[in-house]
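*Asks:* Okay, here's the structure, questions in a sec.
The values are calculated or read from the model by the stated rules, or taken from the named source; none is laboratory data. Keep in mind that what you see is a predicted model, and the values were worked out from it rather than measured. Cβ placement follows ideal geometry from the backbone for every residue including glycine, while neighbour counts extend to all protein chains displayed. These area figures cover heavy atoms from the full protein model, side chains too; ligands, DNA and RNA do not enter into them. Shrake-Rupley method; radii C 1.70, N 1.55, O 1.52, S 1.80 Å.
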Amino acid sequence: MMASTMHRFVLVASLLSVASASCACTAVGDYCNFRGTAWPFTGTCHGAPFGACSCKDCGASDPTKCGSPPSPTPPTPVPPTPTPPTPTPPTPTPPTPTPPTPTPPSSLKCGPTDDATECAALKAIYLATNGPDWLQLGTGAVLKFDGSSYCTWHGVRTGFVFSGVLCDETTKKAKLLYLESLNLKGTLPDEIGDFAGLEELHLWNNAKSKFSLKGGLSGTIPATIAKLTSLKILEMQINNFTGTVPSTLGAMAKSLHVIKLDKNMLSGPLPASFCDFATTATVTNCDFGGNPFACPLPAACAAKLLSVCNATCA
C-alpha cells in the first residue's frame, strides 16, 4: 500500500515536472521562471497534460518572477562623423582700376624760344585727345613736353610711320603736324586753328579699324580749322567725326591740294561751298566717301562731288 502510494506520487511529480518543463509563456517577449531558470517564450504553450498554462503556471512559486524581461539598455547611439563642408572659395573681387593721373598743364613744357601760342595749342590737343595713351616713338613720346623745343619732337615709329612736329627752318614755327595712327581719342580743341604757318595736318587712322569705326577722334570738326590758310594737305579720314561739316572749310579749296574726310560719321547736308573741292584744278585728291551725308548733294555740283570726291548721300 505504501509502495503503491509512493509510486503514484513519483508519477504525479514526474508528470508535473514534464508539464512544468514544457510550459511556455503566452506573450512574445515573456519569460517563464522554472525552478529559478528563465526560459524564453518560443511561440505557444504546448504539451502539458493539465491543459494550457500561463506564465504563472510555469512552476514559479512567486508569480512576479514571470513577465516581461527587464527593458534592455539601448545602445549608446554613435553620432555620425560630420562631413566637413567643402569650403567655397570666395569670389575674388576684381581690383578697381585706378584711373591714370591726368597730366597737369603746368608740367607740359616747350622750349624757351618756342612760339607760346603754338605751344599752348599742342598742349590743348595733347590733353583733349588722351595724350598719355598715345602710341610711342621708338625713343619715347611723340610730343615730349620736356622743356625741349617742339621743333625736335618727331621721329619714325615701327613700320616707318613718321610722327611729330616739323618746323619751318626760318620761322621756327610748326609747318607739318603728323598725328596719324597714334590712338588719339577725344575731340579736337578749337586751338587746332592756331598754327599760322601750318601746311600739312595729318590726323588720319586713329580709329581702331577703317572697317569698324571705334575710338579715334570724335565729335564735330572745329570750324577754326578754316583759320589754317596756309594748309595744303588735310587728312582726317578713318576716325569717328560726327555732325555737319563746317561750311567755312569750303573757302580752303583755294589753298588745299588734298582734303580727305572719308570713313567718318559725318552727316547733314554738304555745304554748297564744297563744290569748289570738286571743281578747282589745284585740288588733286578729294575724298568725302563713307559718310552718311543728307540728300540732296548741292545741285550745282552733285555729279562732280560724286565722281571726283566720292560723296554720296542717303
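*Asks:* Filter the cross-link list LYS173/LYS263; LYS123/LYS304; LYS175/LYS304; LYS144/LYS263; LYS144/LYS175 down to pairs whose alpha-carbon distance in this structure exceeds 28 Å. Please report the intermediate quantities before stating the final value.
*Replies:* Numbers: LYS173/LYS263 31 Å; LYS123/LYS304 39 Å; LYS175/LYS304 31 Å; LYS144/LYS263 30 Å; LYS144/LYS175 18 Å.
Where the Cα-Cα span goes over 28 Å, the pairs concerned are LYS173/LYS263; LYS123/LYS304; LYS175/LYS304; LYS144/LYS263.
*Asks:* Output ³J(HN,Hα) for region 307-313: one whole-Hz value per residue in order, computed from phi by the Karplus curve 6.51 cos²θ - 1.76 cosθ + 1.60 with θ = phi - 60°, and x for Gly and Pro.
*Replies:* So the J values, rounded to whole Hz, are 7, 8, 10, 6, 6, 10, 9.
*Asks:* Using a 7 Å offset from the Cα along the Cα-to-Cβ direction at both THR244 and THR113, what is the distance between the two label points in nm, to one decimal?
*Replies:* 4.7 nm
*Asks:* Still on this model: Might you tell me the accessible area per residue for region 189-278, computed with a 1.4 Å probe and given in Å²?
*Replies:* Details: 3380 Å² over 90 residues.
For region 189-278, the per-residue accessible area is 38 Å².
*Asks:* If the chain between ALA294 and ASN130 were fully stretched, how many nm would it gain, using 0.36 nm times the residue separation less the Cα-Cα distance?
*Replies:* Full-extension gain reported as 55.9 nm.
*Asks:* Count charges around ASN291 for me, please; just the other residues with Cβ under 11 Å from its Cβ, Lys/Arg as +1, Asp/Glu as -1. Numbers along the way, then the final one.
*Replies:* Working: positive: LYS263; negative: ASP262, ASP287.
Net of charged neighbours comes to -1.
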